[in-house]
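Here is the structure we will look at, set down as structure tokens.
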Amino acid sequence: MSNITQLPLNTPTVMTITPEVAQIILNRRAPNRSITPDHVNAFASAIREGDFSQFQMIKFNPEGHMTDGQHRMTAVVQTGQPQQFTIIRTDDPNDQAATDAGRSRSAGDVLAINGYSSAKWLAVCTKVIVQMRDAGSFGGWYNAARKSALNSTLLREVQSNESIIDIANFARTCYTGATENFVPPRLVFAFVYWLVDHGTARAAITQFFDEIRSGVGLQPGSPTLVFRNTRDDMRRLSKAMRVQRDDVATVYLIRAWNAWIGGRSISKLQAPRTEGGSFPEPTIVQWGFQA
């Protein structure tokens, strides 16, 4: 800490911060917001994968107490890996308030800056793909505490695997006009991605969503007709029920798909899972429709 207090004011200096020094900095940091574990885990994951941007700014007040950077310092301690940072000791009394009030750059912002179209949607889709890698089931992913991902990690994913753009565009086509304002976009993408990634033919998925979208020629008992009617009824629910509706709507989408792909007629969609119950798994059909 003595090194930091000896730095000239308002002059950036590059320093290597070891886990031991990071812990000392944390112990003497200025009053700040509570640490968010998911934010720390995202930085820690980037450090372990060699994807952490070096020379990020860490700010201190004139007395050497950190005012900005506690999540990054915690990640250094957590990983045990030294990192290079740009250190600045500032005497601006409004600096911390300005830092806290600023809007962080989103993953969509980063993708747009790098020339990708529909960047916000692409960011949502890429994050789901990263989260699903360790999931053994769709329900397992849905119920799990989904880890955060740094913007740099998501950008690297898109740059190294352009098929993400293709599946994101396909899922958006499915979502548009069929499940908008009902099933959240990220859950529709997760559903579509899970099916495609496990070998379900896109033609089948496209027909399912086309029937929901148009409603043309649907017969009584058709799962897509029942889903359409349920969707229209639930869209009338109050905003106060939105979170519960998101959960219910996702269950209804999966159950409608499972009945439809299995060629079964239904009269209604069953109530969603009870607390502690299992989440329904989308039926996987490779190369076509289920026999």
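The values are calculated or read from the model by the stated rules, or taken from the named source; none is laboratory data. Everything numeric here is computed off the predicted structure, so don't read it as measured data. Cβ sites come from the backbone with ideal geometry, for glycine too, and all protein chains shown count toward neighbours.
Does Thr36 qualify as being under 14 Å from Met73 (Cβ atoms) and either at pLDDT 85 or above or touching a helix residue (DSSP H, G or I) at 6+ places or on another chain (Cβ under 8 Å) (or both)? Against the criterion (under 14 Å from Met73 (Cβ atoms) and either at pLDDT 85 or above or touching a helix residue (DSSP H, G or I) at 6+ places or on another chain (Cβ under 8 Å) (or both)), Thr36 qualifies. The residues on offer are Asn181, Asn229, and the sole one that is of a type in the set (S, T, N, Q), out of contact with any Pro (no Cβ under 9 Å at 6 or more places or on another chain) and not in a helix (DSSP H, G or I) is Asn181. The residue pairs whose first member lies in segment 10-21 and is within 18 Å of Thr79 (Cα to Cα) and without any contact (Cβ under 8 Å) to a residue 40 or more places away in the chain, whose second member is exposed (fewer than 12 other Cβ atoms within 10 Å of the Cβ) and of a type outside the set (A, V, I, L, M), and whose beta carbons are closer than 7 Å, counting only pairs six or more residues apart or on different chains, do not exist in this structure.
Any idea which residue in segment 225-252 is farthest from Trp194 (Cα to Cα), counting only those that are modelled with pLDDT of 95 or more and crowded, with 21+ Cβ neighbours inside 10 Å? Applying the filter and picking the extreme gives Val226.
Which one is nearest to the chain's Cα centre (by Cα), of the residues in segment 65-83 that are more than 24 Å from Glu157 (Cα to Cα) and not in a helix (DSSP H, G or I)? Filtering segment 65-83 for residues that are more than 24 Å from Glu157 (Cα to Cα) and not in a helix (DSSP H, G or I), the one nearest to the chain's Cα centre (by Cα) comes out as Gly69. Considering the conditions (1) more than 17 Å from the chain's Cα centre (by Cα); (2) under 19 Å from Asp247 (Cβ atoms); (3) of a type in the set (Gly, Ala, Ser), Gly140 is excluded by exactly one of them, (1). Looking at segment 191-201 only, could you name the residues that are surrounded by 14 or more Cβ atoms within 10 Å (Cβ to Cβ) and part of a helix (DSSP H, G or I)? Answer for segment 191-201, where residues must be surrounded by 14 or more Cβ atoms within 10 Å (Cβ to Cβ) and part of a helix (DSSP H, G or I): Phe191, Val192, Tyr193, Trp194, Leu195, Val196.
If the condition is being among the polar types (S, T, N, Q) and either surrounded by 22 or more Cβ atoms within 10 Å (Cβ to Cβ) or without any contact (Cβ under 8 Å) to a residue 40 or more places away in the chain (or both), then segment 166-190 contributes Thr173, Thr176, Thr179. Would you mind stating whether Tyr116 is aromatic (Phe, Trp, Tyr) and free of Cβ contacts under 8 Å to residues at least 40 places away in the same chain? Judged against the criteria, Tyr116 is not a match.
Looking across Gly288, Gly277, one residue alone is closer than 21 Å to Ser137 by Cβ and either modelled with pLDDT under 95 or not in a helix (DSSP H, G or I) (or both). It is Gly277. What residue, among those in segment 72-94 that are closer than 18 Å to Asn27 by Cβ and touching a Ser or Thr at 6+ places or on another chain (Cβ under 7 Å), is surrounded by the fewest Cβ atoms within 10 Å (Cβ to Cβ)? My answer is Pro82.
Take Ser222 and decide whether it is on the phi < 0 side of the Ramachandran plot, modelled with pLDDT of 95 or more and either assigned by TED's automatic domain parsing to the domain that holds Gly139 or touching a strand residue (DSSP E or B) at 6+ places or on another chain (Cβ under 6 Å) (or both). Answer is yes for this residue. The residues of segment 37-76 that are in contact with a His (Cβ under 7 Å, 6 or more places away or on another chain) and of a type in the set (Val, Ile, Thr) amount to a single one, Val40.
Evaluated against (1) modelled with pLDDT of 95 or more; (2) closer than 18 Å to Ala135 by Cβ; (3) assigned to a loop (DSSP other than H, G, I, E, B); (4) among the β-branched types (Val, Ile, Thr), Ile266 falls short on exactly one condition, (2).
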